[in-house]
1. Restricting the first residue to segment 26-44 and requiring it to be in contact (Cβ under 8 Å) with a residue 24 or more places away in the chain, which pairs with a second residue that is of a type in the set (Phe, Trp, Tyr) meet a Cβ separation below 6 Å and a spacing of at least six or different chains?
2. Within segment 405-437, which residues are under 24 Å from Met313 (Cα atoms), among the acidic types (Asp, Glu) and either at pLDDT below 95 or under 14 Å from the mean Cα position of the chain (by Cα) (or both)?
3. Working only within segment 406-422, note down all residues that are touching a residue at least 40 places away in the same chain (Cβ under 8 Å), surrounded by fewer than 20 Cβ atoms within 10 Å (Cβ to Cβ) and of a type outside the set (Ser, Thr, Tyr).
4. Taking the condition of being hydroxyl-bearing (Ser, Thr, Tyr) and farther than 26 Å from Lys90 by Cα, how many residues in segment 312-354 meet it?
5. Could you grab me the full set of residues in segment 202-226 that are under 26 Å from Leu36 (Cα atoms), surrounded by 14 or more Cβ atoms within 10 Å (Cβ to Cβ) and over 32 Å from the mean Cα position of the chain (by Cα)?
6. Can you run down the residue pairs with Cβ atoms below 6 Å, 6 or more apart or on separate chains, where the first is in segment 86-107 and under 30 Å from Ala75 (Cα atoms) and the partner is part of a loop (DSSP other than H, G, I, E, B) and among the hydroxyl-bearing types (Ser, Thr, Tyr)?
7. Name the pairs whose Cβ atoms lie under 6 Å apart, with the first residue in segment 243-271 and under 30 Å from Glu182 (Cβ atoms), the second outside any helix (DSSP H, G or I) and of a type outside the set (Asp, Glu), and 6 or more positions between them or separate chains?
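The values are calculated or read from the model by the stated rules, or taken from the named source; none is laboratory data. These numbers were taken from a predicted model, which means no experiment stands behind them. So basically every Cβ, Gly included, is an ideal-geometry build from the backbone, and we count neighbours across all protein chains shown.
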Amino acid sequence: MKFINILAFIVILAFSVLAQKPEDLLATATGHTFRLKDLSADTQKMVAEVPANLAKGRADLLGQMLNQRALNAEAKALNTTPGKLIVAEKTKAANPTEEQIKTVYEANRTVIGDRTLDQVRKQIVSMLRSEPEQKLLIAYFAQLTAKYKAANDKDVNAPNLAPSDVVATVGGQLITAKEFEEYAKFQIYDARLDLAGVILDDLNDTIYDALVADEAKALNTDSSTLIANEITNKMKAFTDEERVGLEGALSKKLFVKYQVKIVYKEPDPMVLNISVGTSPSQGSATAPVTIVMFSDFQCSACSATHPVLKKAMAEYAGRIRFIVRDFPLETIHENAWRAALAAGAANAQGKFFEYTEILYTHQDALDIESLKKYAAQIGLNAAQFEVDFSSEKIAADLKKDMADGESYGISSTPTIFVNGIMVRALSAEAFKAAIDRALKK
């Protein structure tokens, strides 16, 4: 009974936190109160539509859950992976014609710049294939959900759902309200954070404009002159970065002077218990901060983020344990699974991090022969590398990483957790802020 109340509370909280009212107080400052009705019309409209959009979103998430369960069942029946099934279906899409490719290239010359057609051909082909691939996948999922008799039972938005209530079935398996809430909680949390970000950005802009007007009046001038004196006239390089810095300095000064207090709060961080097992790691197991990176070695964003994270961590020597887990995106990176197996084989010989440094910088060459060459470069035993590359244990470890990642709501890479809290911005500043918060607790 207690669990039922908690589950109901979670669902109610999701609605209540998102659904602000026009008169809700968001912030105060000397001579001002700021409410939702003071924000832009677009933000107010977004907030007003939250309950309806959340209900639709939850229903859509159940549909996604049914698709995934049906896909998993098909993969099991065919002794393959869900990712390989998706790739096989996408390959059925016809390649665009040369005329179509050239038309897109010519229409986007201002964006493409001086790059040749051959230099951007791959991106154009990928873009042109995207829509037909999606149509194929929609039809494929419809076929699979029919094959495995997917059906909705109780409405996931119905009031007073008990955790044991069945909301859907697929492949003879029941999906309970409890299972659905576990599946949906990450997306709902992300929606709450996204909305909070919109509200806070709009709120800060609204407060800033009001205080600039107040300050201009106090100085017996107008807002344009104040902005010119505090920002425009101080610029030397005339870059966007310089302007943002000067605007930030003015905003900070005005917020202090006029005693701004933000009442509106974004959702508390979602803290997850991220398992690490025997995953490759650096640093002491007793370090106060544990950073877990779910990575794909063919992912360009992973390659770009890796050195940034390394540099940020270097400032906290002795206080961080760094762990890497695999999350190869098979559906978009044809060599990601193979590269992850090779990294596992390198780890078996104690050289995971040396090997993955090479993978990140050679993402255009992750074929078997290249992977063997990289192993030789760092002095791995070639015969043992091949044995481990094909071992069932390393493949099982890889599947475990992916399953765990999905259970944490991961759908893209890189995904990085600092003491169980996902870092949403992949920047040095965001990493340092997350580490500092973890060290304060």
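1. Filtered contacts from segment 26-44: Leu26/Phe34; Leu26/Tyr264; Ala27/Phe34; Ala29/Tyr258; Thr30/Tyr258.
2. Passing the criteria: only Glu429.
3. Gly409, Ile410, Asn419, Gly420, Ile421
4. The total comes to 1.
5. Of everything in segment 202-226, those that are under 26 Å from Leu36 (Cα atoms), surrounded by 14 or more Cβ atoms within 10 Å (Cβ to Cβ) and over 32 Å from the mean Cα position of the chain (by Cα) turn out to be Ala210, Leu211, Val212, Asp214, Glu215, Ala216, Ser223.
6. Once the first residue is under 30 Å from Ala75 (Cα atoms) and sits in segment 86-107, its partners that are part of a loop (DSSP other than H, G, I, E, B) and among the hydroxyl-bearing types (Ser, Thr, Tyr) give Ile86/Thr331; Val87/Thr331.
7. Every condition considered, the pairs that remain are Tyr264/Leu26; Pro269/Ile421; Val271/Gly420; Val271/Ile421.
Here is a yes/no grid of residues against (1) touching a strand residue (DSSP E or B) at 6+ places or on another chain (Cβ under 9 Å); (2) under 25 Å from Ala396 (Cα atoms); (3) loosely packed, with under 15 Cβ neighbours inside 10 Å; (4) charged (D, E, K, R):
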{"site": "Val271", "(1), (2), (3), (4)": "yes, no, yes, no"}
{"site": "Thr278", "(1), (2), (3), (4)": "no, yes, yes, no"}
{"site": "Ser284", "(1), (2), (3), (4)": "yes, no, yes, no"}
{"site": "Val289", "(1), (2), (3), (4)": "yes, no, no, no"}
{"site": "Met293", "(1), (2), (3), (4)": "yes, yes, no, no"}
{"site": "Cys302", "(1), (2), (3), (4)": "yes, yes, no, no"}
{"site": "Tyr316", "(1), (2), (3), (4)": "yes, no, no, no"}
{"site": "His333", "(1), (2), (3), (4)": "no, yes, no, no"}
{"site": "Ala343", "(1), (2), (3), (4)": "yes, yes, no, no"}
